[in-house]
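Since the structure comes first, as structure tokens, the remarks are kept for the end.
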Amino acid sequence: MKIDLDQVAYIGETSVTIRSSRRRITIPKEIVETLGISDGDRIRWVLFNDGKLCISRVTGSGDSRQGETGISVEKVD
């Protein structure tokens, strides 16, 4: 994957904790502060067919495809 570093605000890694059916991931402090994430906020995960993953904070209705931070969703034919 090629990344234009001029368009990048943060790069980091976290680990995943899996215990039984519970899966936890820690969101880096820089991401939480930049996106204004707080307890109870909804996060949307979009996994593309090529294995890329896009994560965004949902700022509107959880069922809407609008009102997100980070991505816009539209079907491409």
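A short reminder: the numbers here are calculations on the coordinates, not readings from a lab. Everything numeric in this text was worked out from a predicted model, so none of it was measured. Virtual Cβ from ideal backbone geometry, glycine too; neighbours counted across all protein chains shown.
Given in Å, the Rg to one decimal and the Dmax to the nearest whole number for the Cα atoms of the stretch 5-69 are 13.3, 40.
The charge dipole of the stretch 5-69, taken about the Cα centre with unit charges on the Cβ atoms of Lys, Arg (+1) and Asp, Glu (-1), comes to about 400 debye, rounded to the nearest 20.
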